[in-house]
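Here the structure comes first, spelled out in structure tokens, and everything after it is commentary.
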Amino acid sequence: MSVQIVISQKGPLPITATFQALGDLTMTLVVHGSVWTQTSNQMIGIAIQLDGQAIGQAQIFSNGNTTHRAVVPAYIPVKLAFGQHKLTLSALPSGGTTSDLNDFFTAVLHY
């Protein structure tokens, strides 16, 4: 199995990366990172877009505020054509998700 690291960097969100798909294959995109909220009892996380289309989320429920939390990794099957694509990670639009330079994000394609 081959892997391709698409994103491996600190925040804040949003983060966008362009990459070349290595073939016309079914693959799995794995996204993880950390985020936080200023409000207790919120679902927080990372919204994932591929080529401008929402494809999933990596989330965690935060009982407390102002604590960086690792999201549960998202495993998303994708079918890409060979060539250039764009991946964007952003804060979930609801729930008060926040990120800063103390958060780190990774997105990897498994072929």
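We did not get these values from a lab; they are worked out from the coordinates using the rules stated. As the structure is a computational prediction, the values presented were derived from the model and not from experiment. So basically every Cβ, Gly included, is an ideal-geometry build from the backbone, and we count neighbours across all protein chains shown.
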Identify, by number, the condition in (1) touching a Gly at 6+ places or on another chain (Cβ under 7 Å); (2) over 13 Å from Gly33 (Cα atoms); (3) small (Gly, Ala, Ser) that Ser99 doesn't meet. (2)
Members of the range 23-58 that are among the β-branched types (Val, Ile, Thr) and surrounded by 14 or more Cβ atoms within 10 Å (Cβ to Cβ): Thr28, Val30, Val31, Val35, Thr37, Ile44, Ile46, Ile48, Ile55
Members of the range 28-43 found to be in a strand (DSSP E or B) and more than 16 Å from the chain's Cα centre (by Cα), listed by number: Thr37, Gln42
